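Please read the structure below before turning to the comments.
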């Protein structure tokens, strides 16, 4: 990379033909006493403005680590990124100096977390915390910041925002806290919003409201939304495309309806089969056999082979590449045709 | 207040000024729900806190305006009459007189200032030095943390009375500031440790990660997000330590390396009175009583503050 041409901040306008955000062959590892944990092994995905990408996977699949790498909030050490690029409108964020990355966080890419109570500072009022975004990044006065905070609280539909702006996080319910977190994250109109399990800690009715809110905000502002979840049911209505992760890799990448109709990877298939359904009441719920892989001691070949019902000899030896299955989908399974046809399993 | 109708569907809160209050908070809850507002609400209802604050207020007024309590100026040699040495309690000398015929009540009142100044100054210096170093070490971690933590361990290995004796012996002069310095040098590691531990706990909270994800700088995270969440335990320890510092000053003065005559210190007065204790016990007992009450008041205050700030520790 030439020193002179390296931009310090991603451009404001989209360069021609560049997706909004591209994760390209990202590797993340953690150096621990037990050895090097390879949490993310060559993940690639892309996001366009106004699009919702759901990243799906169980705990330890690397979905959150990928998101934290995009934000640049991994603690390093122990984390390191030996390979890969994260391009925001063509600018590789990983090559930016820390100071420039701080300017990207919050303004261009923002993130919300699973547990909004612990993600809000208990000693400040919610108005302070939302307003802080304007005070830090825009140099707004305290009075203006509070006014903006009220506007944002209205925008995320917190009732009686004017009265509640001076309340503390513990005085709100779980769903309202997540709304406050969302208000903080959209304060500066970021182009990408990463939501890391935003509804996991909430009950089902509130989950739906929060998902609806995120969907609306995305439509209004044309921002790209990355939705990290382990819950297939949550993403069905909101997401445009889905990336399924397993053992630090993407095992399937497709438009949402393709995945639901005909999964091309045995793991996706297992996930779909384990959603409780009303029409199957009384029958035992399907569960994928076995345990998620140990990241310190990954299985040979395909990481999923010890749990896979489609396993053949080649799966144990050779890790499957991401096969192109159609123009908009790819799957990392040697035997994707059989999986797609549903002939076994 | 006239009987106003509470609107149907009624709020349980008692309406103020005839109007129902907005919001859903209970009428009894504190108005300010912040940690400090809550703690203040809690403290005002604690007899321990009220008692301790009363004692401390009296002592502080005594330290700032001793002339409010006594018209005798014990620094004036003419106020002492050798012929009146070791008089008992009387109307003229409430607490009696000492070996040199000086009024013990006046000396005890004037002794409050040095005790409070040493206690406060040492507390402020240790809280600043230990607190800031602890904040940096806990936040940055790594080599800085390792280095500072090893240094504090060296200090923990020094017996504090011996250490203070040594430091004051090196200074050769004993006054409020050298005593303060000797105590601060030996005790800042305690504050450092507490701050460091609290910062490490706060640092790993999600709100710090969230603040980073929303673009807060390292300084901002340290001082705005971590410090307010970590400072409570330091405040509690500082309050309790204030009492210990006052006791330590008296101890050092008693041993002859702290404050020295003509400075007035309770420790010094106790020391002066000890040889004639059986003859004139009041000369020792009154300064000792004031000393104990002062130390007790600050320890009680610290306890009350701790209970209010962290109900889990109770």
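The values are calculated or read from the model by the stated rules, or taken from the named source; none is laboratory data. Everything quoted here is computed from the prediction, not taken from an experiment. Here the Cβ positions follow ideal geometry from the backbone for every residue, glycine too, while neighbour counts run over all protein chains shown.
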Within segment A:143-157, the count of residues that are surrounded by fewer than 21 Cβ atoms within 10 Å (Cβ to Cβ) and either within 14 Å of chain B (Cβ to nearest Cβ) or at positive phi (or both) comes to 1
Anything in segment A:111-128 that is part of a helix (DSSP H, G or I), facing chain B (nearest Cβ under 7 Å) and crowded, with 20+ Cβ neighbours inside 10 Å? List them, or say none. A:119
Given (1) surrounded by fewer than 21 Cβ atoms within 10 Å (Cβ to Cβ); (2) over 15 Å from residue B:133 (Cα atoms), number of the condition residue B:200 does not satisfy: (2)
What residue, among those in segment B:174-190 that are farther than 18 Å from residue B:151 by Cβ and part of a helix (DSSP H, G or I), is nearest to the chain's Cα centre (by Cα)? B:180
Would you confirm whether any residue within segment A:24-35 is more than 16 Å from the chain's Cα centre (by Cα), in a loop (DSSP other than H, G, I, E, B) and either within 30 Å of residue A:139 (Cα to Cα) or touching a residue at least 12 places away in the same chain (Cβ under 8 Å) (or both)? yes
Filter segment A:226-235 down to the residues that are over 19 Å from residue A:43 (Cα atoms) and in contact with a strand residue (DSSP E or B) (Cβ under 9 Å, 6 or more places away or on another chain), then identify the one that is surrounded by the fewest Cβ atoms within 10 Å (Cβ to Cβ). A:231
Identify, from the list B:54, B:49, the residue that is in contact with a helix residue (DSSP H, G or I) (Cβ under 9 Å, 6 or more places away or on another chain), under 21 Å from residue B:288 (Cα atoms) and outside any loop (DSSP other than H, G, I, E, B). B:54
Please verify whether residue B:175 is closer than 30 Å to residue A:129 by Cα, surrounded by fewer than 23 Cβ atoms within 10 Å (Cβ to Cβ) and either more than 14 Å from every other protein chain (Cβ to nearest Cβ) or out of contact with any helix residue (DSSP H, G or I) (no Cβ under 9 Å at 6 or more places or on another chain) (or both), treating the condition exactly as stated. no
So, residue B:135, is that one part of a helix (DSSP H, G or I) and more than 20 Å from the chain's Cα centre (by Cα) or not? yes
So for segment B:138-150 (the condition being in a helix (DSSP H, G or I), over 23 Å from residue B:231 (Cβ atoms) and in contact (Cβ under 8 Å) with a residue 40 or more places away in the chain), does at least one residue qualify? no
Which one of B:109, B:72, B:58 is modelled with pLDDT of 75 or more and in contact with a strand residue (DSSP E or B) (Cβ under 7 Å, 6 or more places away or on another chain)? B:72
So, in segment A:163-187, of the ones that are in a helix (DSSP H, G or I) and facing chain B (nearest Cβ under 10 Å), which residue ends up surrounded by the fewest Cβ atoms within 10 Å (Cβ to Cβ)? A:170
Output the residues belonging to segment A:41-94 that are over 16 Å from the mean Cα position of the chain (by Cα) and in a helix (DSSP H, G or I). A:93, A:94
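For every residue, the table says whether it meets (1) surrounded by fewer than 24 Cβ atoms within 10 Å (Cβ to Cβ); (2) facing chain B (nearest Cβ under 9 Å).
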{"site": "A:56", "(1), (2)": "no, no"}
{"site": "A:62", "(1), (2)": "no, no"}
{"site": "A:74", "(1), (2)": "yes, no"}
{"site": "A:88", "(1), (2)": "yes, no"}
{"site": "A:107", "(1), (2)": "yes, yes"}
Please determine whether any residue of segment A:206-225 is assigned to a loop (DSSP other than H, G, I, E, B), away from chain B (no Cβ under 12 Å) and touching a strand residue (DSSP E or B) at 6+ places or on another chain (Cβ under 6 Å). yes
What residue, among those in segment A:129-142 that are within 14 Å of residue B:211 (Cα to Cα) and surrounded by fewer than 23 Cβ atoms within 10 Å (Cβ to Cβ), is farthest from the chain's Cα centre (by Cα)? A:135
Go through (1) more than 19 Å from residue A:321 (Cβ to Cβ); (2) over 13 Å from the mean Cα position of the chain (by Cα); (3) touching a residue at least 12 places away in the same chain (Cβ under 8 Å) one by one and return the number of the condition residue A:229 breaks. (2)
Can you name the residue in segment B:213-226 that is buried (at least 19 other Cβ atoms within 10 Å of the Cβ) and over 18 Å from residue A:134 (Cβ atoms) and, of all such residues, is nearest to the other protein chains (Cβ to nearest Cβ)? B:226
Which members of segment A:137-162 meet the condition of being free of Cβ contacts under 8 Å to residues at least 24 places away in the same chain, touching a helix residue (DSSP H, G or I) at 6+ places or on another chain (Cβ under 9 Å) and in a helix (DSSP H, G or I)? A:142, A:144, A:145, A:146, A:147, A:150, A:151, A:154, A:161, A:162
Tally time: how many residues in segment A:188-205 are in contact with a strand residue (DSSP E or B) (Cβ under 7 Å, 6 or more places away or on another chain) and either within 23 Å of residue A:145 (Cα to Cα) or away from chain B (no Cβ under 11 Å) (or both)? 7
Condition broken by residue B:232, with the remaining ones in (1) within 14 Å of chain A (Cβ to nearest Cβ); (2) over 18 Å from the mean Cα position of the chain (by Cα) satisfied: (2)
Which of the residues belonging to segment A:129-141 are at pLDDT below 90 and away from every other protein chain (no Cβ under 12 Å)? A:139, A:140, A:141
